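Enquirer: Quick one: the structure is below, questions incoming.
Quick note: the coordinates plus some simple rules give every number you see, no bench work behind them. Everything numeric here is computed off the predicted structure, so don't read it as measured data. Quick reminder, even Gly has a Cβ in these numbers, built from the backbone with ideal geometry, and neighbours come from all protein chains shown.
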Amino acid sequence: MELFDLKPASGSVRKNKRVGRGQGSGRGGTSTRGHKGDQSRSGYRTKPGFEGGQMPLKLRVPKFGFKNHFRVSYSPINLDLLETLADQYSVRVVDPAFLSSHGVVDSSARIKILARGTVSKGLVVKAHAFSAGARAAIEQAGGSVEILS
């Protein structure tokens, strides 16, 4: 077998439809586009959400609620996860750079430390927010908290 012997499986490749090559080809005239209308013109494209003149779904569904564009969202990290990471990597300082480098949070995420679990070591924890219970547990274990802006 040589390279020139290779060919696709039978029926797996179709020939392109050559349109607009005269009446004798069977695909001249309107070139399979039908008669008149937007879809027969070049450059035609439907707008996203257009449903052929029917009232689109996004307009049929009632609108409700409120979206606060100034909301600040945090990635929650619990004390038990901090304890596990501190043991696993033997660190004393836990900050957003450490957490993002180990795939716990996204590098641009704001972090809030929550109080589930316990901390046995004195850790220096740097985060954007702390729950009252988490702050108390860290300080009780001999650690400190630093709030980042």
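Enquirer: Any idea what the dipole of the chain comes to, in debye rounded to 20, about its Cα centre with Lys/Arg Cβ at +1 and Asp/Glu Cβ at -1? Display every interim value, and only then the final one.
Expert: On the way: 24 positive and 11 negative charges, 353 e Å.
With Lys and Arg at +1 and Asp and Glu at -1, about 1700 debye.
Enquirer: For the chain, what is the calculated [θ] at 222 nm in deg cm²/dmol (nearest 500), taking -39500 (n - 2.57) for each run of four or more DSSP H residues and dividing by its residue count? Mind dumping the intermediate values first?
Expert: Working: 4 runs with 30 residues, N = 149.
The helix-only estimate for the chain comes to -5000 deg cm²/dmol at 222 nm.
Enquirer: In the chain, if the dipole is taken from +1 on Lys/Arg beta carbons and -1 on Asp/Glu beta carbons about the Cα centre, which of P96, M1, G22 is farthest to the positive end?
Expert: Toward the positive end, the furthest listed residue is G22.
Enquirer: Pop the C-beta distance of S90 and E139 into the FRET formula with R0 = 25 Å and round what comes out to the nearest 0.05.
Expert: The pair S90/E139 has a calculated efficiency of 0.70.
Enquirer: Take a quick pass over the chain and tell me how many lysine pairs come in under 21 angstrom between Cα atoms, counting only ones 8 or more apart or on separate chains.
Expert: 8
Enquirer: Mind checking region 1-65 for chymotrypsin sites (Phe, Trp or Tyr not before Pro) that DSSP puts in a loop (not H, G, I, E or B) and that have at most 16 other Cβ atoms within 10 Å?
Expert: Of the chymotrypsin sites (Phe, Trp or Tyr not before Pro), the ones in loops of region 1-65 whose Cβ has at most 16 other Cβ atoms within 10 Å are Y44, F50, F64.
Enquirer: Using a 10 Å Cβ count of at most 15 others and DSSP loop calls, identify the longest part of the chain lacking such GluC sites (Glu not before Pro).
Expert: 52-149
Enquirer: So for the chain, averaging the separation of alpha carbon pairs under 8 Å that are six or more residues apart and normalising by length, what relative contact order in percent results?
Expert: Relative contact order of the chain: 15 percent.
Enquirer: Helix 79-89: angle to the longest alpha-carbon principal axis of the chain, degrees 0 to 90, nearest 10?
Expert: It is inclined by approximately 90 degrees.
Enquirer: Additional query: May I ask you to compute the full-extension gain from S108 to Y44, defined as 0.36 nm times their residue separation minus their alpha-carbon distance, rounded to one decimal in nm?
Expert: 19.0 nm
Enquirer: Label-point separation (nm) for T32 and S149, each offset 7 Å from Cα along Cα-to-Cβ?
Expert: Placing both labels 7 Å along Cα→Cβ, they lie 6.3 nm apart.
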